[in-house]
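Following: one structure in structure tokens, then a few remarks.
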Amino acid sequence: MQARGILLTMAIAGMILPAAAQTATSTSSKPATINQRKENQQDRIANGIQNGQLTAGEAGRLEKKEFELNQEERDMRKLDNGHLTKADRATLQQQQNQLSKDIYKQKHDAQVANTNPKSEVGQRQRNQQERIAQGVKSGQLTVGEASRLEGREAAIHREIRHDRAENGGTLTRAERRRINRQENRTSRSIYRQKHDAQHQ
């Protein structure tokens, strides 16, 4: 009876110890936690773009905040020979927490993007958003690149809204041609940015 008890105890310990060791090693790697946090934020933004919870303007502002936070981290590392101090980590963690809240708020507010547009212009806009989201998720677009592309898309969206408001909700043929030219330029920029040497 005692022998069975000892064997059972050893078997349980054999299962628990590797899991405990794995947990200890994964929680002690703080730089990976910061990097994982950044990847998680980018995935949340990309998902918000894809499912329409984030408009181009919202995504652009969030990407700009992420870009500024990444720049601050680079500056901190420069001051300490490539390392982050405990205070640096705490500051970055606090800022990531704030950005996380901002992402949540923007994804759950009343502003949404049309994920099933009927017009050619709307379908074009949706396609550009899908391409940007895919580039963010795959790492082909850096935070800065995504921020700039979303800024361009947001400007086109504002122009379309203005034109439609001026024309009773529709776009003239000349306005559609102008918007198409702008979307063509943005499309080429998306392609170039996704296929350049910079990656997330």
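In the set ALA133, ALA174, ALA110, only one residue is in contact (Cβ under 8 Å) with a residue 60 or more places away in the chain and out of contact with any Asp or Glu (no Cβ under 9 Å at 6 or more places or on another chain); that residue is ALA133. Taken over region 117-140, the criterion of being closer than 29 Å to HIS199 by Cβ and among the β-branched types (Val, Ile, Thr) is satisfied by ILE132, VAL136. Assess whether ARG74 counts as being over 30 Å from ARG178 (Cα atoms), exposed (fewer than 12 other Cβ atoms within 10 Å of the Cβ) and not hydrophobic (A, V, I, L, M, F, W, C). It is true that ARG74 is over 30 Å from ARG178 (Cα atoms), exposed (fewer than 12 other Cβ atoms within 10 Å of the Cβ) and not hydrophobic (A, V, I, L, M, F, W, C). Inspect all residues belonging to region 76-84 and state whether any of them is of a type in the set (Gly, Ala, Ser) and touching a residue at least 40 places away in the same chain (Cβ under 8 Å). Checked against the condition, which is being of a type in the set (Gly, Ala, Ser) and touching a residue at least 40 places away in the same chain (Cβ under 8 Å), region 76-84 yields no hits at all.
Restricting attention to region 139-150, does a residue exist that is over 24 Å from GLU39 (Cβ atoms) and in contact (Cβ under 8 Å) with a residue 24 or more places away in the chain? Taking every residue of region 139-150 in turn, none turns out to be over 24 Å from GLU39 (Cβ atoms) and in contact (Cβ under 8 Å) with a residue 24 or more places away in the chain. Does region 153-166 contain at least one residue that is farther than 20 Å from THR55 by Cβ, surrounded by fewer than 18 Cβ atoms within 10 Å (Cβ to Cβ) and either over 19 Å from the mean Cα position of the chain (by Cα) or at pLDDT 95 or above (or both)? Yes, region 153-166 has at least one match.
So that you can scan it fast, the table gives a plain yes or no per residue for (1) loosely packed, with under 14 Cβ neighbours inside 10 Å; (2) among the acidic types (Asp, Glu); (3) modelled with pLDDT of 95 or more:
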site: LEU84; (1), (2), (3): no, no, no
site: GLN94; (1), (2), (3): yes, no, no
site: ILE103; (1), (2), (3): no, no, yes
site: ASN114; (1), (2), (3): no, no, no
site: LYS118; (1), (2), (3): yes, no, no
site: VAL121; (1), (2), (3): no, no, no
site: GLN125; (1), (2), (3): no, no, no
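For LEU79, the requirement of being hydrophobic (A, V, I, L, M, F, W, C), buried (at least 16 other Cβ atoms within 10 Å of the Cβ) and over 28 Å from ARG181 (Cβ atoms) is not met.
Tell me yes or no: at least one residue of region 97-120 is more than 23 Å from GLU153 (Cβ to Cβ), in a helix (DSSP H, G or I) and of a type in the set (Lys, Arg). Scanning region 97-120 turns up at least one residue that is more than 23 Å from GLU153 (Cβ to Cβ), in a helix (DSSP H, G or I) and of a type in the set (Lys, Arg).
The values are calculated or read from the model by the stated rules, or taken from the named source; none is laboratory data. These numbers come from a predicted model, not from an experiment. FYI the Cβ positions are ideal-geometry reconstructions off the backbone, even for glycines, and counts take in every protein chain you see.
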